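J.: Please read through the structure below; I'll follow up with questions.
The values are calculated or read from the model by the stated rules, or taken from the named source; none is laboratory data. Keep in mind that what you see is a predicted model, and the values were worked out from it rather than measured. As a convention, Cβ positions derive from the backbone with ideal geometry for all residues, glycine included, and neighbour counts pool all protein chains shown. Surface accessibility is based on the protein's heavy atoms, side chains included, excluding ligands, DNA and RNA. Shrake-Rupley method; radii C 1.70, N 1.55, O 1.52, S 1.80 Å.
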Amino acid sequence: MSAKRVVMALPLLAAAGCSWFTDFRDEPKIKPWEAQYAGNDTTPFRGQPEYSVPITGDPVPAYVISHQPMPATIDSIGALASLVNPHQPTAAALDNGRKYYQINCAVCHGRAGAGNGPVTAYLPVVPSLLTDITKGRSDGYLWGMMRNGRGLMPNYDRIEDSDRWDVVLYVRALQGKLPGVVADTAPAGYPGENGRTVPGYTRTAPTRPAPYRPQDMDRTESAAPAAAPAAAPARSTP
């Protein structure tokens, strides 16, 4: 194609509203944490920064007690008087704790908590959860051990706060500390199974922000008190 024909074609492309040539001026205006598309108010354009507090809150934020896997740190978590298990040992809570325990904990501590899981073939010592020392730990201490990890034990912070309390309940059942409750140590499921044999949906969603609702922002702005008018200067009388 000759240069003359190209020059003649350019006005036709412009008249047709061709958007091939852009200088990045025609872009959507996105406010912080605004949803990706209409009707979805909890999926932002970007993920939450590390250690962000989920919309359900955080019983032990990282700025209060760090996530370091140190004994003194775990002791600090266990000593929090406000950190008590909010869950009752219902059948649903124990079943949920059993699933998370068997997926994450039984490989080391064994299905019954005796410290005889498959990993003992490779690690010299795996603590039993049935000793008097462990039985004497507070619920918050066990919860914090999963949050931070300690020594050779990695953290299991991937188990959400609420589900961690159910694991604590299940460990208490293994220890025989729940009156009238006998822990079910049979496998909750087998590899490849799904549905009720695995834990349910996430309830905190680590990257789920507070809902972006423009109507709330408009309401906040309209509720802001208006600036008081400046007082007129006093006039002196002769």
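J.: Evaluate the following for residue 157: is it modelled with pLDDT under 95, acidic (Asp, Glu) and open to solvent by less than 30 Å² (accessible area, probe 1.4 Å)? If you could, list the steps in order and put the result at the bottom.
T.: Details: modelled with pLDDT under 95: yes; acidic (Asp, Glu): yes; open to solvent by less than 30 Å² (accessible area, probe 1.4 Å): no.
Judged against the criteria, residue 157 is not a match.
J.: So is residue 124 under 21 Å from residue 69 (Cβ atoms) and loosely packed, with under 14 Cβ neighbours inside 10 Å or not? Full working, then the answer.
T.: Working: under 21 Å from residue 69 (Cβ atoms): yes; loosely packed, with under 14 Cβ neighbours inside 10 Å: yes.
Judged against the criteria, residue 124 is a match.
J.: Could you tell me which residue of the range 162-185 is nearest to residue 147 (Cα to Cα), considering only residues that are touching a residue at least 12 places away in the same chain (Cβ under 8 Å) and assigned to a loop (DSSP other than H, G, I, E, B)? Don't jump to the end; show me each part of the working.
T.: Step one: filter the range 162-185 for residues touching a residue at least 12 places away in the same chain (Cβ under 8 Å), giving 162-175, 177-178, 181, 183-185.
After this cut, where a residue has to be assigned to a loop (DSSP other than H, G, I, E, B) as well, the list is 175, 177-178, 181, 183-185.
On the way: 175: 21, 177: 22, 178: 23, 181: 26, 183: 23, 184: 24, 185: 23 Å.
Residue satisfying both the conditions and the ranking: 175.
J.: May I pose another question? When you check residue 75 against the structure, is it surrounded by fewer than 18 Cβ atoms within 10 Å (Cβ to Cβ) and either among the aliphatic types (A, V, I, L, M) or not in a loop (DSSP other than H, G, I, E, B) (or both), yes or no? Spell out the reasoning first.
T.: On the way: surrounded by fewer than 18 Cβ atoms within 10 Å (Cβ to Cβ): yes; either among the aliphatic types (A, V, I, L, M) or not in a loop (DSSP other than H, G, I, E, B) (or both): yes.
It is true that residue 75 is surrounded by fewer than 18 Cβ atoms within 10 Å (Cβ to Cβ) and either among the aliphatic types (A, V, I, L, M) or not in a loop (DSSP other than H, G, I, E, B) (or both).
J.: Can you find a residue that is at pLDDT below 90 and in contact with a strand residue (DSSP E or B) (Cβ under 7 Å, 6 or more places away or on another chain) anywhere in the range 184-202?
T.: Looking for residues that are at pLDDT below 90 and in contact with a strand residue (DSSP E or B) (Cβ under 7 Å, 6 or more places away or on another chain), one finds none in the range 184-202, hence no.
J.: Next question. Exactly one condition in (1) open to solvent by less than 90 Å² (accessible area, probe 1.4 Å); (2) among the polar types (S, T, N, Q); (3) at pLDDT below 95 is false for residue 82; which is it?
T.: Condition not satisfied by residue 82: (1).
J.: Hey, another quick one. Yes or no: residue 172 within 22 Å of residue 104 (Cα to Cα), charged (D, E, K, R) and at pLDDT 90 or above?
T.: On the way: within 22 Å of residue 104 (Cα to Cα): yes; charged (D, E, K, R): yes; at pLDDT 90 or above: yes.
Yes, satisfied.
Residues checked against (1) closer than 13 Å to residue 183 by Cα; (2) open to solvent by less than 80 Å² (accessible area, probe 1.4 Å); (3) of a type outside the set (S, T, N, Q):
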position	(1), (2), (3)
94	yes, yes, yes
103	no, no, yes
117	no, yes, yes
133	no, no, yes
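J.: Determine, yes or no, whether residue 95 is assigned to a helix (DSSP H, G or I), under 19 Å from the mean Cα position of the chain (by Cα) and within 19 Å of residue 188 (Cα to Cα). Write out each step before concluding.
T.: Working: assigned to a helix (DSSP H, G or I): yes; under 19 Å from the mean Cα position of the chain (by Cα): no; within 19 Å of residue 188 (Cα to Cα): yes.
No; evaluated as a whole, the condition is false for this residue.
J.: Please find, within the range 160-191, the residue that is most open to solvent (accessible area, probe 1.4 Å) out of those that are among the charged types (D, E, K, R) and touching a helix residue (DSSP H, G or I) at 6+ places or on another chain (Cβ under 9 Å).
T.: The selected residue is 177.
J.: What's the total number of residues in the range 115-161 that are outside any loop (DSSP other than H, G, I, E, B) and farther than 16 Å from residue 171 by Cα? Outline the logic, then answer.
T.: From the range 115-161, those outside any loop (DSSP other than H, G, I, E, B) are 118-121, 132-135, 139-148, 150, 153, 161; that's our starting set.
Subset that is farther than 16 Å from residue 171 by Cα: 118-121, 148, 150, 153.
Result for the range 115-161: 7.
J.: Looking only at the range 105-114, count how many residues are without any contact (Cβ under 8 Å) to a residue 24 or more places away in the chain and either open to solvent by 20 Å² or more (accessible area, probe 1.4 Å) or part of a helix (DSSP H, G or I) (or both).
T.: In the first step, residues of the range 105-114 are kept if they are without any contact (Cβ under 8 Å) to a residue 24 or more places away in the chain; the result is 106-107, 109-110, 114.
Remaining after also requiring either open to solvent by 20 Å² or more (accessible area, probe 1.4 Å) or part of a helix (DSSP H, G or I) (or both): 106-107, 109, 114.
The number of residues fulfilling the criteria is 4.
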